[in-house]
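Read the structure below first, then the notes.
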């Protein structure tokens, strides 16, 4: 497989985030292996509009009922590409790896986010800050308060996490949010 070019971040792109965890009887390492196999299959036969995917192990995300989970990021061009990803994930060469990981899952939640500030990308991600805009503060003003960093805003109120995610910085105290430690498991390209 030829290396793919670096991901171009622009303010029109979306990310589908999926928080999930292994079933109680499944070893986390075995689950991670199946998950990475799916992401590799997805990268080798990417649907139109999929820019990249990445997988992290996260701890203490307050919107999840478990202490550790996996957090998949699927970076796509737009909502049409999200639909193509949805169909492609369970078809062709991706179906068996998808189904193998899904059989090991204990549960999950998803959300859709739009990039509102490209920042520096997330190559060094080891923490995210999740926060909500304070009541009474206009969005334009709130966005100027955010630290430099890749910032995503939840779309259509889809997902259990707070409205904003600032990647790669711990700004929880300044933003009244929560910092979530993350460890990269896989990234493509």
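Values quoted throughout were computed directly from the atomic coordinates according to the rules given, and no laboratory measurement underlies them. Every value quoted in this text rests on a predicted model; they were computed, and no experiment measured them. Every residue, glycine as well, gets a Cβ built from its backbone with ideal geometry; the counts of neighbours run over all protein chains shown.
Here are the numbers for the structure shown:
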quantity	calculated
With Cα atoms, 0 to 90° folded angle of helix 79-88 axis to the chain main axis	20 degrees
q = 0.13 Å⁻¹: log10 I(q)/I(0) that the Debye formula gives for the stretch 1-88, counting C-alpha atoms only	-0.49
Range of Cα positions in the stretch 80-189 per principal axis (Å), largest first	46, 27, 27
Cα-based equivalent ellipsoid of the stretch 35-86: semi-axis lengths in Å, sorted from largest, via gyration tensor	24, 13, 7
Per-peptide average of other Cβ atoms within 10 Å, ordering 14-20, 109-115 highest first	14-20, 109-115
Largest to smallest principal axis extent of the C-alpha atoms in the stretch 37-129, angstrom	35, 32, 21
Relative contact order (%) - the stretch 39-162, alpha-carbon pairs under 8 angstrom, separation at least six	24 percent
Cα-based helix-to-principal-axis angle, 95-104 vs the chain, degrees rounded to 10	70 degrees
The chain: angle of helix 28-44 to the longest principal axis, Cα-based, in degrees nearest 10	90 degrees
(1) -0.33, -0.58, -0.67, -1.23; (2) -0.31, -0.56, -0.66, -1.41; (3) -0.44, -0.76, -0.88, -1.41, with the label sought being that of the calculated log10 I(q)/I(0) by the Debye sum over Cα atoms at q = 0.09, 0.12, 0.13, 0.19 Å⁻¹	(2)
Mean residue ellipticity (222 nm) of the chain, computed from DSSP H runs ≥ 4 via -39,500 (n - 2.57), nearest 500	-7500 deg cm²/dmol
